[in-house]
Every structure is written in structure tokens, then in C-alpha cells.
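Report on one structure; see the data block that follows.
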Amino acid sequence: MPLKEVVMVPTSDSTVRTPHSVADLMTGDLITLLPIESAARAHELLVGAGLHAVPVVDERGTAIGMVTMAEIGPEPDLSVPVGDLMVRPVVTISSDATIGQAAALMRDEFIHHLVVTEGDSTVGILSTYDLLFVLAGR
């Protein structure tokens, strides 16, 4: 099998800042669900808002699970509570962790999303898609 040639294209803006911490790269405007909310609401967020994953939080805002379209399924019972579908335990990472630590954790846990925390507070989400921007130099 022949190898493909990879051509690196430099960015035109030399002032692009490479993110070093999870906080630099995470999505901070976090949309969450409560475990009592329906699969219909999760489906609405995932499809309607174009999200790949939504953290499920308790009444204090602490992440307790994650829901994706894989949990909702192709023909979902939209009346089921998200708490019955969510993946748990949720895998978290501190906002001051490095991008390399986040990538290693995703690799080791075979996951695509990390909930970002500061202490007990859920402050963001980081995905493998976010990490691709670092690799692409954006």
C-alpha cells in the first residue's frame, strides 16, 4: 500500500496563539441536561443545536453523566429520562490541565468528550474535534 504524501501548509497569520491548557481550548458556553429531562429534550439539543454530546448535571451543576446520539439511538423512546440513558461515570479534566493530558485521557478512556471542571464546578466541554484545531494550527 503506497503512503500518501502529507503537505504541511503554514498559516498566514503568524500571531496565532497555540493553546496550552484545556481552558484555552474548551467550549465554555455549556449546555447541560438534568437527569429528569426527557430523551426528547436531549435529541432536540443534539440534533437541533448541532451538538455531539451534552453533559448531564445534578441540581448543584456537577456533571454526573454524558449523553450522545449513541445513547439516544436511531429510534428512540423520547419519553425516557436522560438519567436512564446517560453514560456514567463522566470523565472530567481540570481546566488547567494541558492539551496533551487531555488527549492522553481521551485515548486511554476511548472517549471523544471530556467535561472540564474547576473544583466541583462544571465549566466546559472539550472534544476530540477541538483537539484537531490544535493539530491543524488554528
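Which condition from (1) loosely packed, with under 13 Cβ neighbours inside 10 Å; (2) of a type outside the set (A, V, I, L, M, F, W, C); (3) at pLDDT 95 or above is the one that residue 83 breaks?
Residue 83 satisfies every listed condition except (1).
Condition first: within 13 Å of residue 121 (Cα to Cα) and either in a helix (DSSP H, G or I) or among the hydroxyl-bearing types (Ser, Thr, Tyr) (or both). Now tell me which residues in region 25-58 satisfy that.
32
Can you pull out the residues in region 59-110 that are β-branched (Val, Ile, Thr), under 19 Å from residue 124 (Cα atoms) and part of a loop (DSSP other than H, G, I, E, B)?
62, 68, 90, 91
I need the full set of residues from region 114-138 which are more than 22 Å from residue 31 (Cα to Cα) and loosely packed, with under 12 Cβ neighbours inside 10 Å, in order please.
135, 136, 138
Scan region 61-98 for residues that are among the hydroxyl-bearing types (Ser, Thr, Tyr), more than 14 Å from the chain's Cα centre (by Cα) and more than 20 Å from residue 39 (Cβ to Cβ) and jot them down. Even if it seems obvious, please write down each step before you answer.
So the first thing to find is which residues in region 61-98 are among the hydroxyl-bearing types (Ser, Thr, Tyr), and the list is 62, 68, 79, 92, 94-95, 98.
Add one more test, that the residue is more than 14 Å from the chain's Cα centre (by Cα), and what stays is 62, 79, 98.
Within region 61-98, 62, 98 meet the criteria.
Kindly provide the set of residues from region 51-81 that are without any contact (Cβ under 8 Å) to a residue 24 or more places away in the chain and at positive phi, ordered by number.
Matches in region 51-81: 73 only.
Out of the residues in region 91-113 meeting the condition of being touching a strand residue (DSSP E or B) at 6+ places or on another chain (Cβ under 8 Å) and of a type in the set (A, V, I, L, M, F, W, C), tell me which one is surrounded by the most Cβ atoms within 10 Å (Cβ to Cβ).
Residues of region 91-113 touching a strand residue (DSSP E or B) at 6+ places or on another chain (Cβ under 8 Å): 91-99, 101-102, 105-106, 112-113.
From what is left, the residues that are of a type in the set (A, V, I, L, M, F, W, C) are 91, 93, 97, 99, 102, 105-106.
On the way: 91: 16, 93: 19, 97: 19, 99: 19, 102: 24, 105: 17, 106: 19.
Among those residues, the one meeting the criterion is 102.
The values are calculated or read from the model by the stated rules, or taken from the named source; none is laboratory data. What you are looking at is a predicted structure, and each value in this text was computed from that prediction instead of being measured. Cβ atoms come from the backbone with ideal geometry, glycine included; neighbour counts cover every protein chain shown.
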